[in-house]
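Every number in this text was worked out from the coordinates using simple rules, so none of it is lab data. Everything numeric here is computed off the predicted structure, so don't read it as measured data. So basically every Cβ, Gly included, is an ideal-geometry build from the backbone, and we count neighbours across all protein chains shown.
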């Protein structure tokens, strides 16, 4: 059975790259560069350094794992990803780059399953939990936040990029019904898309403090939509790719223009034990 999260994004990347996020388009014009740019933002917001032990929730095809290792020079990476085909690809990518230990420290599994965390970490608590452009796809983001807090080392950091419902958006409207339909088609749980104040409360209730939320919608949503329009016209996408990305691009352009969704960079520090 085909997986929803597969290797389709390879067609969007330059040769040798396999990024799979929405990108940060403030100055970038190529997909691989924009994807790397948003990963750099996340790593900087998280405060990654040579002492960092990273657990990457939803690492895709592995490009971001290499960024943590090569650019930030983190001490170790571990992680879990739902897609079997992506996880296999990421393992191969890490091993070819000379990071065999990291290749064996990432697993395929549901990030909402406590056993996946337990098996991956083996009682070694990470200093950082990262989720780059994927938390909205988790079955239950609140449960993920709770698991991140439970498994982080004391004063550990959670950093992610995620969608939020705009404060201006009215639930119960026709536009909201369209949003719900699009979320379902995109395999996004409606409960994961909440307003900023509720998102902040969910982090605080899980035991996180020093929460920082930065709205980067302007440099993410319209930029990705613009790129997809141009890329589709080049004829480089085959199979189901053109329709999949055309729908995503139009949806993001619509959601941004109508102030329905916001895309944010979020970080928080674990409080308590």
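For this structure, a couple of remarks:
- Among 171-180, 10-19, the peptide with the highest mean count of other Cβ atoms within 10 Å heads the list, and the full ranking is 10-19, 171-180.
- Percent antiparallel among DSSP beta bridges (both partners in the chain, rounded to 5): 50
- Of the peptides 98-104, 137-143, 127-133, the order by per-residue mean of other Cβ atoms within 10 Å, starting with the highest, comes out as 127-133, 137-143, 98-104.
- Contact order normalised by residue count of the range 8-270, Cα under 8 Å, 6+ apart, percent: 20
- Calculated [θ] (222 nm, deg cm²/dmol) that DSSP helices of n ≥ 4 give over the chain, each run adding -39,500 (n - 2.57): -13000 deg cm²/dmol
- Gyration tensor (alpha-carbon) shape descriptor, the range 63-150, a/c threshold 1.5: prolate
- The overall shape of the chain, judged from the alpha-carbon gyration tensor, is oblate: a/c is not under 1.5, and a/b is no greater than b/c.
- Across the range 96-217, C-alpha contacts under 8 Å between residues 6 or more apart give a mean separation that, scaled by the residue count, equals a relative contact order of 25 percent.
- The three principal axes of the Cα atoms in the range 1-61 give end-to-end lengths of 38, 33, 18 Å, sorted in falling order.
- With the highest mean first, a sort of the peptides 64-72, 52-60 on other beta-carbon atoms found within 10 angstrom per residue produces 52-60, 64-72.
- Relative contact order, whole percent, for the range 12-153 stands at 22, derived from Cα pairs under 8 Å and 6 or more residues apart.
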